[in-house]
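Undergrad: Pasting a structure here, questions to come.
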Amino acid sequence: MSFLEHLGDFRKRIIHAIFFLLIFFLISWHFREEIYNWLSLPILQYLDDKLIYTSLTEPIMMYIKMSFISALFLGSPFIFYQLWLFISPGLYAKEKKYVLPFIIMATLFFFLGGSFAYYIVFPMYCKFLLGFGQDFQQLIKIKEYFSLILTVLLGLALMFELPVMVFLLSKLGLVTSKFLIKYFKYAVVLIFVIAAILTPTPDIVNQSIFAIPTILLYLLSIGIARVFGKKG
């Protein structure tokens, strides 16, 4: 494919991905109250009242953002498939048979990251942060709460995609296990920097909740690159 053909194909994949996102956004919007109730559980179990808002536009903006993130999760198999269709012209015929494992693993790791954030990381955040506010009146705004939880959910879901991305790059011959081992110490620093951006507090304990699983995924990626990388 020529450069212009690649651009045309890229545009096509983006349009298809947006189409699927729109469908799942509308589905998520229809169930916005149920999604809200589910996502608010980690904080409401520690509160005696509902979350609050101080601006007329906060509820609708929260629902829009929440529905968009929900659409990303629900539509992730279709989005990953569009990604595969975009990169598949660079693969050999025997390598294109990995399309189903790629979509399954990409979706699985995406949901694993989100589940890890929702069931483990965020409840710990809520308990830890609210522990410092026991002497004060708790008035948690929906804007601040949902900006935080959606950032953590999406951030960890994307970080859990590391092994899948390494699989792709190794199949294309762009990375090798030796390359990943050589730059391991720099990767650790970068992982902690990203963790510091995503975590709501600057302490090393909360950063480690993000960073340690990602470092383990990096080590897994080294093995993936060794097994599936191009030889020679």
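The values are calculated or read from the model by the stated rules, or taken from the named source; none is laboratory data. Worth saying up front: this structure is predicted, and the values here are computed from it rather than measured. Every residue, glycine among them, receives a Cβ derived from its backbone with ideal geometry; neighbour counts consider all protein chains shown.
Undergrad: Just a yes or no: is a residue in the range 192-209 under 29 Å from residue 99 (Cα atoms) and either assigned to a helix (DSSP H, G or I) or at pLDDT 90 or above (or both)?
TA: No, that holds for no residue.
Undergrad: Also, I was wondering about something else. Do we find a residue being of a type in the set (A, V, I, L, M) and within 30 Å of residue 228 (Cβ to Cβ) anywhere in the range 16-23? Break it down stepwise before answering.
TA: First, pick out the residues of the range 16-23 that are of a type in the set (A, V, I, L, M): 17-18, 21-23.
Okay, now just the ones that are also within 30 Å of residue 228 (Cβ to Cβ), so 17, 21.
Yes, the range 16-23 has at least one match.
Undergrad: Of all helices (runs of 4 or more DSSP H) completely enclosed by the range 1-83, which ones contain at least 3 residues that are closer than 27 Å to residue 103 by Cα and of a type in the set (A, V, I, L, M, F, W, C)?
TA: It comes to 3-30, 32-39, 58-74.
Undergrad: Residues 191, 181: which one is β-branched (Val, Ile, Thr), surrounded by 16 or more Cβ atoms within 10 Å (Cβ to Cβ) and either touching a residue at least 12 places away in the same chain (Cβ under 8 Å) or closer than 18 Å to residue 224 by Cα (or both)?
TA: 191 is the lone residue from the list that is β-branched (Val, Ile, Thr), surrounded by 16 or more Cβ atoms within 10 Å (Cβ to Cβ) and either touching a residue at least 12 places away in the same chain (Cβ under 8 Å) or closer than 18 Å to residue 224 by Cα (or both).
Undergrad: Continuing with this model, one more query. Residues in the range 69-79: is at least one aliphatic (A, V, I, L, M), over 17 Å from the mean Cα position of the chain (by Cα) and outside the structural domain of residue 204 (by TED's automatic domain parsing)?
TA: no
Undergrad: Please return the ranges of helices (runs of 4 or more DSSP H) entirely within the range 85-189 where 1 or more residues are in the same structural domain as residue 59 (by TED's automatic domain parsing) and aromatic (Phe, Trp, Tyr).
TA: 99-116, 122-130, 142-159
Undergrad: What residue, of 41, 7, is aliphatic (A, V, I, L, M), farther than 29 Å from residue 90 by Cα and either in contact with a Ser or Thr (Cβ under 6 Å, 6 or more places away or on another chain) or without any contact (Cβ under 8 Å) to a residue 40 or more places away in the chain (or both)?
TA: Exactly one residue qualifies, and that residue is 41.
Undergrad: May I ask you to list the residues in the range 68-97 that are out of contact with any Leu (no Cβ under 8 Å at 6 or more places or on another chain), under 29 Å from residue 35 (Cα atoms) and not hydrophobic (A, V, I, L, M, F, W, C)?
TA: 70, 76, 77, 81, 82
Undergrad: Tally the residues that are surrounded by fewer than 17 Cβ atoms within 10 Å (Cβ to Cβ) and either closer than 21 Å to residue 18 by Cα or of a type in the set (Gly, Ala, Ser) (or both), restricting the search to the range 109-125.
TA: 2
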